[in-house]
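In what follows, a structure is listed as structure tokens, so that the remarks can point back to it.
The values are calculated or read from the model by the stated rules, or taken from the named source; none is laboratory data. The model shown is predicted, which means the values in this text are computed figures rather than measured ones. Please note: Cβ atoms are built from the backbone with ideal geometry, for glycine as well, and neighbour counts cover all protein chains shown. Side chains included, ligands, DNA and RNA excluded: accessible areas come from the protein's heavy atoms. Shrake-Rupley method; radii C 1.70, N 1.55, O 1.52, S 1.80 Å.
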Amino acid sequence: MSETLEALAAARLVPVVVLDDAAHARPLAGALAEGGLPVAEVTFRTAAAAAAIAEMAKDGRVLVGAGTVLTPAQVDEAVDAGARYVVSPGFSRAVVERCAARGVLALPGAVTATEVQAALEAGISTVKFFPAETSGGAAAIKALSAPFGGVRFVPTGGIGPANLAEYLALPAVTAVGGSWMVPRDLIAAGRFDDVAAMVADAVALTR
Ligand code: 3PG
């Protein structure tokens, strides 16, 4: 397992962040660190993503990765900004290959046996299981683990305090992704103490 993957596995949770303003990146890093979850997946869904990743990378308190990465060009943008891992909603060979060329961990999405096989062929053995709840949830991961014993999953999408435990209980689950502990509106409002408290509550659920 790569060092980055080990860090994600140790964290058990990957907070999926949407940042509207790169100025929020450092205070958010502080809230995550204070809450006991020194990890962030900053999604390329806003224009602020690359600048936010750069701020977090310079800040150094959290392991920062990029999310919603759809193209090799975005891989370059993310890695140039300091992203240590790259998450995609689906599987793209071009994105995975650019991640390998840039030396960063790729976490592509895969929810079917065919997609998992494609990921394996591309040298990937840990995939994002997205969107988790509408793709069969924990039961689907358990079923996929029978033929794909060596594959590990990071289920994300529709997971929260009420169903977190059923995913974390699976041996094939490395970590769980989610946005519930980093609400976009609280971040946009600068309520970082509240975010830190929600992060701490989420971390408590993993213990
Ligand atoms: C993602 O991109 O990983 C998802 O939007 C996160 O899903 P969630 O908001 O349901 O946690």
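Taking every DSSP helix (H) stretch of at least 4 residues in the chain, weighting each as -39,500 (n - 2.57) and dividing the sum by the residue count yields a mean residue ellipticity at 222 nm of -13000 deg cm²/dmol.
The stretch 51-74 and the stretch 89-114 have Cα centres separated by 16 Å.
Estimated from the Cβ-Cβ distance and a Förster radius of 30 angstrom, the FRET efficiency linking Ala162 and Leu70 is about 0.50.
Expressed as a whole percent, the accessible surface of the stretch 2-202 that belongs to carbon and sulfur atoms is 54, based on a 1.4 Å probe. Once you've got the GNM for the chain with C-alpha springs shorter than 10 Å, pick whichever of Ala172, Ala11, Ala189 has the biggest mean-square fluctuation. Between Ala172, Ala11, Ala189, it is Ala189 that shows the largest mean-square fluctuation. Rolling a 1.4 Å probe over the protein heavy atoms gives the chain an accessible area of 41 Å² per residue. With each label modelled as a point 7 angstrom along the Cα→C-beta vector, the Asp21-Ser125 pair spans 4.5 nm. Residue separation of Glu97 and Ala204 scaled by 0.36 nm, minus their Cα-Cα distance, works out to 34.9 nm of gained length.
Shown here are the Rg and Dmax of the Cα trace of the stretch 74-158, at 12.8, 38 Å.
Pairs of Cα atoms in the stretch 1-139 fall into 10 Å distance bins, from 0 up to the last occupied one, in shares of 13, 44, 34, 9, 0 percent. Rolled with a 1.4 Å probe across the full set of protein chains, the surface gives Thr156 an accessible area near 10 Å². For a paramagnetic label modelled on Thr114 (point 7 Å from Cα along Cα→Cβ), amide N atoms under 16 Å away belong, within the stretch 86-106, to 90-93.
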